[in-house]
Amino acid sequence: MAISSILAVAPGLSPDATKTSPTTFESQQKFGNFLKDAIQNVNSAQVQSDVMTEKLVRGENVDLHNVMITAQKASVALNATMEIRNKVIEAYQEVMRMPV
């Protein structure tokens with residue numbers, strides 16, 4: 001039984017494969033877009049929770065447990081976002097305290 005090299009199957013794994021690393025501008029754009037999308041997702045969860053709550057208050061046909069689940073999802077998303085923000089601020093402050 002012959003054993004062949006994995007590079008024959010997946011040539012992209014070779015160390016000499018030319019990989020172009022993204023430029024600083026591209027990295028900033030990707031990070032900015034990721035951050036914007038994440039905040040939009042949190043906002044949409046909040047809006048969906050508000051809509052479900054308003055439907056319940058108006059007496060429309062919505063289940064209470066669905067309203068509570070939607071509200072909890074929005075709450076967890078917002079709390080996670082706030083914790084990430086706090087960690088980023090702490091990391092920034094730590095970097096600023098470093099001697100040069």
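Just one of A45, A77, A91, A10 is at pLDDT below 95, among the small types (G, A, S) and surrounded by 10 or more Cβ atoms within 10 Å (Cβ to Cβ); which is it? Of A45, A77, A91, A10, the one residue that is at pLDDT below 95, among the small types (G, A, S) and surrounded by 10 or more Cβ atoms within 10 Å (Cβ to Cβ) is A10.
Between N33, N66, N61, the distinction of being over 26 Å from I84 (Cβ atoms), loosely packed, with under 12 Cβ neighbours inside 10 Å and either polar (S, T, N, Q) or in contact (Cβ under 8 Å) with a residue 24 or more places away in the chain (or both) belongs to N61 only.
The values are calculated or read from the model by the stated rules, or taken from the named source; none is laboratory data. Predicted model, so just to flag it, every value in this text is computed and none were measured. In this analysis, Cβ positions are derived from the backbone assuming ideal geometry, glycine residues included, and neighbour counts consider all displayed protein chains.
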